[in-house]
Amino acid sequence: MGDGVAASELDVLRGTLDLLILKALSWGPRHGYAIAEWIGAITDSALLVEEGTLYPALHRLERRGWLQSEWGVSGNNRKAKFYRLSARGRSQLRAETSSWHRYVEAVSKALRASAPSPA
Amino acid sequence: VTGGWRRAFRLGGRDRLHRDVDDELAFHLAMRAQRLVEAGRTPDEARAEALRQFGDVGAIRADCLTEDQNRERTMHRADVFDAVRRDVTYAWRSLRRQPGFSLVVTLTLGIGIGATTAIFSLVDAVLLRPLPVAHPEQLVAIGDPSRVSSMSEGSTVNTELYSVPLYRDLRDGTRSLSGMFASGRSGHLDVRVPERAGATTAVERARARFVSGSYFQVLGIRAAAGRVFTAADDRDVDAEPVIVISDGYWRRRFAADPRVIGRVMMLNDAPVTIIGVTPPGFTGEIVGQSQDFWMPLGLLAQVQPAYGWADDRSISWLLVMGRLAPGVTMGRARTEIAQVVKQALAEHAASAMDPGDVTRARQAEVPVTSGARGFSRLRSTFGQPLVLLMAGVGLVLLIVCANVANLLLARATVRQGEMAVRLALGAARGRLVRQLLTEAVVLAIVGGALGVLVAWWGSTALVRLASPAEAPIPVGARIDARVLLFASLVSLGTVALFGLFPALRSTRVGLSEALKRRTRGAAGSTLGRGGSRFAAGKLLVAAQVALSVLLLVGAGLLVRSIVTLQRTDVGYDRDGLFIVSVDARGGGYMDDRAALLAEQMERRMRAIPGVQDVTYSENGLFAGTESGTTLQVEGFTAEAEDDTTAAYDHVGPGYFHAVGARLVRGRDIEARDVSGAPRVAVINAAMASFFFPTSDPIGRTVTIDSLTYQIVGVVQDLKDHSLRETPIRRLYMPYQQRGGSIGTLTFIVRMDPRMPTAAKAARDAVAATDPDLGIYEIGWLTDLMRDSIREDVTLARLAGFFAVLALVLAAIGLYGLVSYTIVRRTSEFGLRMALGAAPANVLTLVLRESLVLMAAGLAIGLPASLAAARVIRGQLYEVSVVDPLTIAVVTVVLALSATIAALVPASRAARVAPLEALRHE
């Protein structure tokens, strides 16, 4: 893989992953493992090839102030770190969702075009 | 289980962040493995599969940690910022609650920092700062650097000032300097700036110097516009008449007109072209005297054609400056320059057949000093006093620090109770210390800001204060950032130190002890433990009073000295005398024509309405020139070499009557004493008592240059040229018998001092007689006299300024101390009043204590000031170092200040209601 391709692919992946994390937390607090499970189920494991990559993303979003974390007890009585959307995280989710839709729409429209546009 | 996973991946957590990340990752791996086991894998397989699905654990862990550490750092910064803001807000509120304390500390800091910086800026500008030219340390000054506006005529042997030919000899003979220039004063300059060629326009005044063509090149100054002089501009033959103007003159006179290059100005009616403007900040090589323009020596022939300054070896008027050649030491240059100068002087004396001059030339001292700080008259007159003032500045800064420390200590003591309560309520000690320190820093910053303002305003004000005339001395005393920084750092350091020390101290107290002491305080025994520090505070205030006494006495003596000088009996009636000193060199007046000129002008001046009397003399009064001679007196044998010297003047008829001098014996110079009549002279009392201690001088004779004069009168001693003058032997001969050519001629006109048109009328009279005559000096005699003591006035003003400053600071210090003691003793006062003391008794108690302090300060300060006054004895005139009047005034001023400083807080103490006071604290 060339470096340029790798980098741009990574950027897209990272942006998408951030958006999915925010979405995963929009229904309430979850720990990392639950988020990974949800993303895996929803994307047929296409996005999260290596589950570990989820964690740096979580910590990054927390640093940005979009997530808050606290230690709690998981369903099977284990100590786990739970993440929750902050107010800023919630508005970020709204903003990114709508821009994602616009982006996808634009790309789809372009791909649906049957002939080059008249000059 | 999680711990097992952590061990399995060697995730050894070191701190909380590491542990959290490790726990989180371990939880994920454990959950995934468990799910795989549930799906039927063996535990070992499940573990391996979980790790595979997870990816690079080490890299992921590192990434998470980096994010977390960044987050922690940001949060920490925000926390600190928040805490500081809280502390500052709290400190501000706390200081606002005690406006008196805060105001006093801020004012003390502000005045201290500001005044220190301002005075230092002045000292720096006059004494310390090198010229604003490239590599000033390489410059060498040749001649007496204080004689910037002098001219010496008569002897060719002069090493303090140089004639043009001697400068050329020096320049051509010296190897140790890479370049050399000469500069000298101008004679009278009438400046006209016509808007276009030939237009008539008013005469203006400007300050300018003649310089050699190498001037700018040696100083390393390039033109900001146009060009500077080259060696070619220097030659007197066929030189294009050009000048270079200063940036200041360009802005002031030409409104910074960019087309000024090429404009023609008229200097004494000679047209000269402006060829360049110097860069801003360059005012010449003379400190305290900024030039409007510079003229090359070559212009002498056009601007001052009759003066003979350009080629006469007996007219010395130049100062010389050179730049050391690479690798040459000052010592070597000094040796070589002295040798070249002496050689040139001796050769000339030899060719003039003057063996006495040859000897004098060989023995002459040639002053060669560092030229880094330029030439300056201010330096020699103000040098020592300014150094003294600097010492005063240092002391003032010390006082400021001490005062602030005292106040902070006082406040900390007062607040020990508050601190104890806060500690008891569970406040952390570090937090309280930080709080107290913050208060100190806030005070320091506000005080520092005030200091900058005071320094800014003060440096301008000081220069104006130091300048006796309307125009400030252009020393360019701008606030020096380094000095400001220094003064601020010292004060801030003080605040920090004396903020921290009591902060630590007052928060270290054992709780029960402090609380106990608080209750004991109500019983009036507060002075127990704080006693020693209280004594230190008293000592400090006494020391401040002593310093104020020192400065006040110094200033008082200087002021007294000036008043005495101004009132000193000059021997004639100075009021209403107007002086017009004329430069008659240009007209070629000789013998009878010279005598006629004086007569004609006298007649014209008499015709001016309001003029009561007119006389004239060669040197006049306070007009700047003086003559001396050796003489032989009939029947007198000289014992020492200077026994036969005397000063002299040639005076017009009725001279002593006109100036209002009293004749002791004989008669005035009269109209009959003309050329051809018997030569006569009037001598002064000093001369009479020296040569004729026992006999009557009338009718005796003196011989000067083989001409014999008969003494016809004795006049009381007159102060002709200086108020400080001690009587010297002087004789007056009739101007009309003088003969020869004349240089200057001074008219002394008695007229109504309220006549505003005096100057114009006198000038017109001169012009009507001969329009080519220049005017050297014109003005009321009293103004000329005041001018002659301007250095004294300046010094007295500066000393006065400092004395007042010290007094204010001492008063503040006393105020602070008294307020502090009163707060400490409020409960004691309450008790006293409860037991029947009247408020007046409390007032007296406090006042008496401050007056005792003041007396102690006086007791130290007065003897010290007597010792210190010896340093300024040279500046004093007919005032004893022990001057009862000064001491009395100083004592009264101090007593008043001390009373006022103490009365304010004391009256507050006396108003306190007994009950409230007992409840206090």
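Between B:LEU485 and A:ARG64, what FRET efficiency follows from the Cβ-Cβ distance if R0 is 41 Å, with the result rounded to 0.05?
Using R0 = 41 Å, I get an efficiency of 0.50.
Going toward the positive end of the dipole of the protein assembly as shown, with +1 on Lys and Arg Cβ and -1 on Asp and Glu Cβ, which of B:PHE486, B:GLY652, B:SER819 do you reach last?
B:SER819
Roughly how large, in nm² to one decimal, is the mean projection of the convex hull of the alpha-carbon atoms in region B:419-461?
Details: hull surface 13.7 nm².
Reported value for the Cα convex hull: 3.4 nm².
Can you find, among B:ALA671, B:ALA543, B:THR844, the residue sitting farthest towards the positive end of the charge dipole of the protein assembly as shown, where Lys and Arg contribute +1 and Asp and Glu -1 at Cβ?
B:THR844
Sorted by mean Cβ packing within 10 Å, highest first, what order do the peptides B:545-554, B:331-340, A:67-76 take? Before the final figure, lay out the partial values.
Working: B:545-554: 26.9, B:331-340: 16.8, A:67-76: 13.5.
Per-residue mean Cβ counts within 10 Å order the peptides as B:545-554, B:331-340, A:67-76.
Within 10 Å, count the other beta carbons around each residue, average over each peptide in B:734-741, B:284-291, B:561-568, B:136-143, and list them highest first. Present the calculation step by step, with values, prior to reporting the outcome.
Details: B:734-741: 18.8, B:284-291: 23.8, B:561-568: 16.6, B:136-143: 22.1.
Top of the packing list down: B:284-291, B:136-143, B:734-741, B:561-568.
Using a Förster radius of 41 Å, what is the FRET efficiency between B:THR273 and B:GLN363 based on their Cβ-Cβ separation? Nearest 0.05, please.
Values: r = 46 Å, r/R0 = 1.11.
Once rounded, the FRET efficiency stands at 0.35.
For chain B, compute Rh as the Kirkwood radius over C-alpha pairs and then the Stokes-Einstein diffusion coefficient at 10 °C and 1.306 mPa s; write the answer in µm²/s, rounded to an integer. Can you show the working numbers first?
Working: Rh = 34.6 Å.
Answer from the Stokes-Einstein relation: 46 µm²/s.
Using the number of other C-beta atoms within 10 angstrom as an exposure proxy, rank B:THR891, B:THR629 with the fewest first. Walk me through the intermediate numbers first.
Values: B:THR891 18, B:THR629 13.
Fewest-to-most ranking of B:THR891, B:THR629: B:THR629, B:THR891.
In the protein assembly as shown, how many lysine pairs have Cα atoms under 29 Å apart, counting only pairs 8 or more places apart or on different chains? Provide the component values of the computation, followed by the final result.
Values: A:LYS23/A:LYS79; A:LYS23/A:LYS81; A:LYS23/A:LYS109; B:LYS516/B:LYS538; B:LYS719/B:LYS760.
Within the protein assembly as shown, the lysine pair count is 5.
Restricting things to Cα coordinates, could you compute the convex hull volume per residue of the protein assembly as shown in Å³? Please list the in-between numbers first.
Working: hull volume 339.0 nm³, N = 1040.
Measuring per residue, one finds 326 Å³ for the Cα hull of the protein assembly as shown.
Under the definition of Cα pairs under 8 Å and six or more residues apart, what whole-number percent is the relative contact order of chain B?
Details: 1589 pairs, mean separation 134.8, N = 921.
Relative contact order of chain B: 15 percent.
Mind checking the dipole of chain B: about its Cα centre, +1 per Lys or Arg Cβ, -1 per Asp or Glu Cβ, Debye to the nearest 20? Provide the component values of the computation, followed by the final result.
Numbers: 102 positive and 89 negative charges, 1211 e Å.
Dipole of chain B, to the nearest 20 debye: 5820 debye.
For region B:214-294, what is one quarter of the convex hull surface built on the Cα atoms, given in nm²?
Answer in nm², one decimal: 5.5.
Using the alpha carbon gyration tensor of region B:657-771, what are the three equivalent-ellipsoid semi-axes (square root of 5 times each eigenvalue), largest first, in whole Å?
Numbers: eigenvalues 172, 74, 32 Å².
Semi-axes, largest first: 29, 19, 13 Å.
With n ≥ 4 as the cut-off for DSSP H runs, can you work out [θ] at 222 nm for chain B, using -39500 (n - 2.57) per run divided by the number of residues, rounded to the nearest 500?
Working: 26 runs with 489 residues, N = 921.
It comes out at -18000 deg cm²/dmol, rounded to the nearest 500.
Region B:619-649 to region B:34-84: how many Å between their Cα centroids?
Centre-to-centre (Cα) distance: 107 Å.
Please list, by residue number, everything in region B:716-757 whose backbone N is under 19 Å from a paramagnetic label point 7 Å out along Cα→Cβ of B:ALA640.
Only B:725-731 pass the distance filter.
Between region B:142-196 and region B:285-358, what is the separation of their alpha carbon centroids in Å?
What the calculation gives is 5 Å, centre to centre.
As an exercise, use a Förster radius of 30 Å and the Cβ-Cβ distance of B:SER907 and B:ALA867 to find the FRET efficiency, rounded to the nearest 0.05. Display every interim value, and only then the final one.
Working: r = 38 Å, r/R0 = 1.26.
Here the calculated transfer efficiency is 0.20.
Give me the angle, in degrees from 0 to 90, between the Cα long axis of helix B:429-466 and the longest principal axis of the Cα atoms of chain B, rounded to the nearest 10.
The answer is roughly 10 degrees.
Region B:619-698: Rg/Rh from Cα coordinates, Kirkwood Rh?
Working: Rg = 13.8 Å, Rh = 14.4 Å.
Reported Rg/Rh (Cα atoms, Kirkwood Rh): 0.96.
Tell me which of B:PRO136, B:GLY110, B:LEU95 sits at the most positive position along the dipole axis of region B:80-155, charges placed on C-beta atoms (Lys, Arg +1; Asp, Glu -1).
So the residue furthest toward the plus end is B:LEU95.
For region B:802-921, what are the per-bin percents of Cα-Cα distances with bins 5 Å wide, up to the bin holding the maximum?
P(r) for region B:802-921, in whole percents per bin: 2, 11, 18, 18, 14, 11, 9, 7, 5, 3, 2, 1, 0.
Let me spell out the model: positive unit charges on the Cβ of Lys and Arg, negative unit charges on the Cβ of Asp and Glu, origin at the Cα centre of region B:43-119. What dipole size does that give, in debye rounded to 20?
Details: 11 positive and 11 negative charges, 184 e Å.
For region B:43-119, the charge dipole is close to 880 debye.
What do you get for GluC sites (Glu not before Pro) in region B:808-883 restricted to DSSP loop and a cutoff of at most 14 other Cβ within 10 Å of the site's Cβ?
Sites meeting the loop and neighbour criteria: B:GLU878.
Rg to Rh for region A:12-91: what is it, with Cα atoms only and Rh by Kirkwood? Provide the component values of the computation, followed by the final result.
Values: Rg = 11.9 Å, Rh = 12.7 Å.
Checking Rg against Rh, the ratio lands at 0.94.
Quick one: P(r) of region B:112-179 from all Cα-Cα pairs, 5 Å bins, percents rounded to integers, in order of increasing distance.
The percentages, shortest bin first, are 3, 12, 15, 18, 16, 12, 9, 6, 4, 3, 1.
Computed from the coordinates by the stated procedures, all read-outs in this text should not be read as laboratory data. As the structure is a prediction and not an experimental result, all values here were calculated from the model. Positions of Cβ are backbone-derived with ideal geometry, glycine not excepted, and every protein chain shown enters the neighbour counts.
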